[in-house]
1. Remind me, what semi-axes does segment 180-259 give for its equivalent ellipsoid, largest first in whole Å, using sqrt of 5 times each Cα gyration tensor eigenvalue?
2. Could you order the peptides 54-60, 90-96, 125-131 from most to least packed, using the average number of other C-beta atoms within 10 Å per residue?
3. Efficiency by 1/(1 + (r/R0)^6): what FRET value for His354 and Arg28, r their Cβ-Cβ distance, R0 = 56 Å, to the nearest 0.05?
4. Starting from the exponent 0.38 and prefactor 2.2 Å, build the expected Rg for segment 27-142 from its residue count and divide its actual Cα Rg by it.
5. How long is segment 24-79 along each principal axis, judged by its Cα atoms, biggest number first, in Å?
6. I'd like to compare 253-266, 38-51: which one has the highest average count of other Cβ atoms within 10 Å, and what's the full order after that?
7. Using packing as a proxy for protection, rank 102-110, 408-416 so that the peptide with the highest average count of other Cβ atoms within 10 Å comes first.
8. I'd like the carbon and sulfur percentage of the solvent accessible area for segment 32-86, probe radius 1.4 Å, heavy atoms only, ligands and nucleic acids excluded.
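The values are calculated or read from the model by the stated rules, or taken from the named source; none is laboratory data. As the structure is a prediction and not an experimental result, all values here were calculated from the model. So basically every Cβ, Gly included, is an ideal-geometry build from the backbone, and we count neighbours across all protein chains shown. Please note that ligands, DNA and RNA were not included when accessible areas were found on the heavy atoms of the full protein model with its side chains. Shrake-Rupley method; radii C 1.70, N 1.55, O 1.52, S 1.80 Å.
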Amino acid sequence: MIAAALLALQLAVAGPAPDALSVRVGGRVADIPVGAPQGVPVVRADVLALALGAGLEREDDHRFHLAIGDVVLGFTDRVAFVRRGQEAIPLASAPYVAGDRLFLPVQVVSDVMPRLVPGLTFDAERGELRRIARRPGGGGAAPGAVARRVAASRPAPRAAPVERAAVKPPAAASAPAPRPAARERRTVVVDAGHGGPDRGMTGPIGASRPRLIEKDVTLAVAKRVAAELERRGMRVIMTRTTDTLIALADRGHIANEADGDVFLSIHVNAANPRWKNAAAARGYETYFLAEAKTEDARRVAELENASERFEAVADTRKGDPLRFILNDMQQNEHLRESSELAAIVQRHLGEVAHGPSRGVKQAGFKVLVTAFMPAVLVEIGFGTNPSEARVLTDREEQQRIAEAIAGATEEYLRRLEPRDGTAQR
């Protein structure tokens, strides 16, 4: 995260983007054109791959794989992460597809590739990417080679569970069964609601000017949640760390790319202006993804889903009936876990909240639809209420809320360990 932010700052200070970068492989040097049609310096992935002698393969309309030697890097259209196996590396800006071509931020060339790919170095003074050693055989990857490397880089599928009834006790004493291997640190994806032109709700009711802007409060609390989770030994991915707009669908895609164990989306609630005494509405509530059962749950979902009006690019995957069915199956798989996580979060918030508990609820939040893992959306309080607005903008109270959410997440993941036979390192 820090490296990405520093690079973004360097690019901003450096002024206009260079016209080209150089790629040196052995004694051969190729110039790669650099453009900035959206204000961020980018290079074409196919041109870069050709210059490096690497392989570029398109998985679908949104996902690409770049194989350099034995290292496979995954990129997703408009998702600000690079994937290497189960690792997700954040970027200052997202790759994107235009005119059927994948464009990569210059940060990928100058910072990410040299860190992830052995034999690659970047000379910032000359603007030159150097490949010190090449795989035998030269040239680009043969057709299908990238796919084979991608398949090899993916984790092996989990073995089917063995039914206890089918296991017979040994006739004689034997050595104890080996303990299951400890898994990597649990990954929690923390999503700060809204951002950029999407301010979310503002409050409180009756204020001459907004004293609370949802996008600012959610980011402040999300950062504190992330810091607290990291302090407890977990790996954290944030969907945004600055005041920027991330599409609702992309937030879930980021979580999936990071192979997250849990997805937490932080929001601030707003009262229905038609309520008799709207300014008096108070309390906290936690949602999981399912069909809304109450009118108020539908109202809250509509309020948060309204962020889509700020997204200029439509998601072409919506019309794919097979994808819809698969998505629905994956979500149903995590329905019980999400409900359990929501209940634990709600209980922990009750230990620090100033307002009443409004309970665990379910609704169709679009930000949760694409996250294929236990996922909840937390409304930490009503920004429309003057007293709760003061609490939500207070740094100490934000820290208390963050500690409660982090504690709930830790408890949920600890309960999860006996079920999947893993232990956190």
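1. Those come to 30, 15, 8 Å.
2. Going from most to least packed, we get 90-96, 54-60, 125-131.
3. According to the calculation, E is roughly 0.25.
4. 0.99
5. Result, largest extent first: 35, 30, 13 Å.
6. Put in order of decreasing packing, that is 253-266, 38-51.
7. 102-110, 408-416
8. Ligands and nucleic acids excluded, carbon and sulfur give 49 percent.
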